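Chemist: For reference, the structure I am asking about is given below.
None of the figures in this text is laboratory data; all of them are computed from the coordinates on show. Given the structure is predicted, the values throughout are model-derived calculations rather than measurements. With ideal geometry, Cβ positions are generated from the backbone for all residues, glycine too; neighbour counts draw on all protein chains shown.
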């Protein structure tokens, strides 16, 4: 077996599991948010901080881990992040107040962010710009399996043991991943980039933002993520409080969401070598908007069954699954020598905007699905606008595949 075969099989699975840790830690507690609100006798906005502040912590983590990994290597930084995740998860399991739980979720999410950033950077270390989008699509398709079942697991843990058991579950998973990475993950960083403190990091991010194309792709990725995280912020409350369904039932309906994302990622992987990435993104964004409009139509027609909400939104998530891998790879490929920083900055924008949207959803919630759907539709339209303003019309499927190499080459010269 060659080194390349090893990387394309075992390592991709390992990276996918590490990437899944952040979404899993975020989503496993979702069915318990109404119960946490009741247990601690707090308002919806305060209970929602267990989600939105954890997303903000992921944003902060993605901003931090990228530059550190560009200097110190991918493997030691991943192991550091996993240790932080274990500490935060144990704090969640032992939380006796809402403040302690929120703090534990923040630490947990900050640590778990490491996989989201460095898995993509490692893929970019190993694979060239033309192939990295296809490999990231494979990675994403595999990694959604664990987050797909985490709300269902969280719902069952809530019913059987209480919401504190979710912290224990993430701590155990993190320790298993820490051991596997310690024994199995090779270092992929070939040439370290000097890290000279906060000022240097900000200058690096400024250089990234100076690229209109990078900015367009990065904000496209971010608004696509807002669509998904807005739904997971409001979905449990709508299912439990409005539709009168039990918390664990939400977890089973939620499986449709990552299932749709997995299908979209498979489509992106299958057609990634036939269609230009920008054409795939346009197709995905169009499908996403159609799904949200269909959900609006079903709500206006008076359908209140969970399937009337989850089925069309799963179509939206399918579209996002088509868009996201190509957009993430395209953003990172603009600056190959700064793959860690580019991945980190993209992740920071994703989670910052998603955290703000999650808190906004809680603030405007009025006992119906309409505010949620309006925010999701707005984000979908903004993702399309960001793409058009940043990338323009030059790569919408009419350009040759060689354009990808051209962008990477020009980015190399700039960096």
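Chemist: At a 10 Å Cβ-Cβ cut-off, how would you order 368, 97, fewest neighbours first?
Modeler: 97, 368
Chemist: Set the Förster radius R0 to 60 Å, insert the Cβ-Cβ distance between residue 43 and residue 10 as r into 1/(1 + (r/R0)^6), and round the FRET efficiency to 0.05.
Modeler: Result of the calculation: an efficiency of 0.80.
Chemist: Would you order 75, 190 from fewest to most other beta-carbon atoms within 10 Å of each residue's own beta-carbon?
Modeler: Arranged by neighbour count, lowest to highest, 75, 190 become 190, 75.
Chemist: Next up: Counting other C-beta atoms within 10 Å, which of 159, 172 has the fewest, and how do the rest follow?
Modeler: Fewest to most other Cβ atoms nearby, the residues stand as 172, 159.
Chemist: Taking 0.36 nm per residue of sequence separation and subtracting the Cα-Cα distance, how much length would be gained by fully extending the chain between residue 366 and residue 87, in nm to one decimal?
Modeler: Working it through step by step, the gained length comes to 96.8 nm.
Chemist: Given points 7 Å out from each Cα along the Cα-Cβ axis, report the residue 187 to residue 300 separation in nanometres with one decimal.
Modeler: A separation of 5.9 nm, rounded to one decimal place.
Chemist: How far is it, in nm, from the label point at residue 356 to the one at residue 79 when both lie 7 Å from their Cα along the line to the Cβ?
Modeler: Between residue 356 and residue 79, the simple spin-label model gives 3.8 nm.
Chemist: Quick check: residue separation of residue 72 and residue 242 times 0.36 nm, minus the Cα distance between them. What number comes out in nm?
Modeler: 56.3 nm
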